[in-house]
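Throughout, read-outs are computed from the coordinates displayed, never taken from laboratory work. Because the structure is a prediction, the values reported are computed rather than measured. Positions of Cβ are backbone-derived with ideal geometry, glycine not excepted, and every protein chain shown enters the neighbour counts.
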Amino acid sequence: MMEKTDKRTRARLFRTRLAQVMAARGVTQSALAREIGVDRSTLSQLLSEDGARLPNAQVAAESAAALGVSADWLLGLSDRPETAADLLATSLAMTAAERALIDEQIFAWHREAEGSKVRHVPATLPDMLKTPDMLTWEYDPHLARTGAEAVAVARTRLDWLRGAHSDYEMALPMHELAAMARREGYYASLPRDVARAQLARFADLHAQLYPRLRIYLFDARQVFSAPLTIFGPKLAVLYVGSSYLAFRDAARVQAFSRHFDGLVRAAAVSARDFPDHLGSLQAD
């Protein structure tokens, strides 16, 4: 239950916060009184040092709207001065996403999270771990940009991973890797030698980067995840095809982190056993 606040304490907090935001905005008592439709004397009494007078709901709401803050904050019901709309805009942003590696926004988020753990569920296989031939096969037919450009960007991302002081965890469904190895479904036109080289590439990078890079495989019949990246403790990004949904409020970032923890706990192939699983796919 919320602790009850004495009326005098709340009135004092209202006076302090109203005066503070008026000073910050450069708004005089006369100007605010005109804006909210009250006499200047009414506003002056609310700002007076004595008494326990509080505004009615209309005055509180109009004052908050005129000054660009929340009425809850003016009345001491919240520690955040932003309005609900501003809080939502801060905590959730939608950014256009291209079907391409050349996306400066994603790289900016990686740089922002340097030094923190990055956790990633890719849409297919992780682009930064793909071979040049794999990237060329995947990107050349469908994009105006060339596979060569994709290769250059992937190399930059991998160099960042090698040099960054960050742990990187990836979780992907077993069937995605199996489909690539067997050249099925999405990968039906992938040349056999490209598929084999890609499996070897995963094994080489695991040997070079483990344990800073850890790859887990989960069974999609048991658990599911949309494409997702968690950039440290302050940002989680969902990929929905044409857009990224970026969440910065702590509660949602923690919820996505718990979701990723669930994928790791449910992994059918642990990061330590990943090379053995690659060997079994190469033997098929």
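Pairing the Cα long axis of helix 192-209 with the longest principal axis of the chain, what angle in degrees results, from 0 to 90 and rounded to the nearest 10?
60
Only bridges with both residues in the chain count here: give the DSSP antiparallel percent, nearest 5.
The antiparallel fraction comes to roughly 65 percent.
Which of these, Pro126, Pro55, Pro233, has the largest mean-square fluctuation under a Gaussian network model of the chain (Cα springs below 10 Å)?
Pro55
Phe218's amide H: which non-local residues (gap 5+, or another chain) put their own amide H closer than 5 Å, with H modeled 1.01 Å from N in plane and none for Pro or chain starts?
Leu172, Met174, Ala268
How big is the dipole moment of the chain about its Cα centre under a simple scheme where the beta carbon of each Lys and Arg is +1, that of each Asp and Glu is -1, and everything else is neutral? Debye, nearest 20, please.
700
How high is the relative contact order of the chain? Use alpha-carbon pairs under 8 Å, at least six apart in sequence, and give a whole percent.
Result for the chain is 18 percent.
Could you check which residue among Glu138, Glu184, Glu35 shows the biggest mean-square fluctuation in a GNM of the chain with a 10 Å Cα cutoff?
Taking springs between Cα atoms under 10 Å, the residue moving most is Glu35.
How large are Rg and Dmax for the chain when calculated on the C-alpha trace, in angstrom?
Reported Rg and Dmax, both Å: 27.1, 86.
Measure nothing but the geometry: give the 0 to 90° angle between the long axis through the Cα atoms of 250-265 and the longest principal axis through the Cα atoms of the chain, rounded to 10°.
20
Neighbour counts of other C-beta atoms within 10 Å: give me Val264, Val21 arranged from fewest to most.
Fewest-to-most ranking of Val264, Val21: Val264, Val21.
Checking the a/c ratio against 1.5 first, then a/b against b/c, what shape does the Cα gyration tensor give for segment 146-231?
Cα axes put segment 146-231 in the oblate bin.
What residue among Ile215, Ile36, Ile230 has the largest mean-square fluctuation in a Gaussian network model of the chain, using Cα springs under 10 Å?
Top of the fluctuation ranking is Ile36.
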